[in-house]
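So the structure is just underneath, and the comments pick up after that.
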Amino acid sequence: MEFFRSISLRRSWHDLRNAFGSATPHRWRFMALAAAATASIFLTFFAESGFKGELERPTIIYVESWPLSRSDAEIIAQQKIDYAAKLERQAKAVREAEERKERYRQVGKAFGMDVEAMEARARQQAAAEAKAKAAAEAKAGITAPAQ
């Protein structure tokens, strides 16, 4: 607590006023240059972040109510529509994941990393994990669901 006893707002204010009150000829130029450099760094980060504004909010459907008098043909037609929408969502997710991977590949290449070798290792590890999981499930007598 000894540290906090030596702190005084009055002395801090006088110190700040003395630092900014000294009349050096290039003071404002250097302050403007420092502010411009800081702003350019932040603007570059923001521009390269890929921020596209507010994210799209998902549409939430809490309960779908169907009449009991629906025919099998109506049910099958609705299932086809739902399946097409599901495939579209999955394709969009795959595209976005691939775009994200490509951005990371570009960053890796910019830093001189061997991106292709890293991807090959990742594929080998994923295959080994899938093989080990399948072997463990086979040993336990679990069958994989059909997709």
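The values are calculated or read from the model by the stated rules, or taken from the named source; none is laboratory data. Note that the structure is predicted; figures quoted are calculated from it, not measured. Backbone-built Cβ (ideal geometry, glycine too); neighbour counts: all protein chains shown. Accessible surface is based on the protein model in full, side chains and every heavy atom, while ligands, DNA and RNA are left aside. Shrake-Rupley method; radii C 1.70, N 1.55, O 1.52, S 1.80 Å.
Okay, here's what the table says:
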| read-out | value |
| --- | --- |
| Volume per residue that the Cα convex hull of segment 1-143 spans, once the total is divided by residue count, Å³ | 401 |
| Accessible-area order (highest first, 1.4 angstrom probe) of the listed residues 56, 74, 2, 102 | 56, 2, 74, 102 |
| Efficiency of FRET between residue 7 and residue 28 - r from beta-carbon atoms, R0 35 angstrom, step 0.05 | 0.75 |
| Cα→Cβ-extended label distance, 7 Å offset, between residue 82 and residue 61, nm | 0.7 |
| Calculated [θ] (222 nm, deg cm²/dmol) that DSSP helices of n ≥ 4 give over the chain, each run adding -39,500 (n - 2.57) | -24500 deg cm²/dmol |
| For segment 59-108, radius of gyration divided by Kirkwood radius, i.e. Rg to Rh on alpha-carbons | 1.29 |
| Simple spin-label estimate for residue 122 and residue 101 in nanometres, 7 Å along Cα-Cβ | 0.7 |
| Residue list for segment 100-117, given a label point 7 angstrom along the Cα-to-Cβ vector of residue 48 and an amide N cut-off under 14 Å | 103-112 |
| Accessible area of residue 101 in the full protein assembly, 1.4 Å probe (Å², nearest 10) | 110 |
| Residue-by-residue Karplus 3J(HN,Hα) for segment 61-71, coefficients 6.51, -1.76, 1.60, Hz, glycine and proline x | 10, 6, 9, 9, 9, 10, x, 5, 8, 5, 8 |
| Exposure ranking of 83, 62, 104 by accessible area [1.4 Å probe, largest first] | 62, 104, 83 |
| Cα-based Rg of segment 1-79 normalised by 2.2 N^0.38 Å, two decimals | 2.73 |
| Straight-distance crosslink candidates among lysines, where the alpha carbon sits under 19 Å from residue 139 and sequence neighbours closer than 8 are dropped | 131 |
| Cβ-Cβ FRET estimate between residue 14 and residue 37, R0 fixed at 22 Å, reported to 0.05 | 0.15 |
| Accessible area of residue 115 in the full protein assembly, 1.4 Å probe (Å², nearest 10) | 10 |
| Cut-off 12 Å between beta-carbons: net charge of the residues surrounding residue 93, Lys and Arg +1, Asp and Glu -1 | +1 |
| Per-residue HN-Hα couplings for segment 17-28 [Karplus 6.51, -1.76, 1.60; θ = phi - 60°; Hz; x = Gly/Pro] | 5, 5, 5, 8, x, 5, 8, 9, x, 10, 4, 5 |
| Residue 132/residue 93 FRET efficiency (R0 25 Å; Cβ-Cβ; nearest 0.05) | 0.45 |
| Summed residue charge, Cβ within 14 Å of residue 125's Cβ, Lys/Arg positive, Asp/Glu negative | +2 |
| Per-residue SASA entry for residue 65, accessible area with 1.4 Å probe, Å² rounded to 10 | 100 |
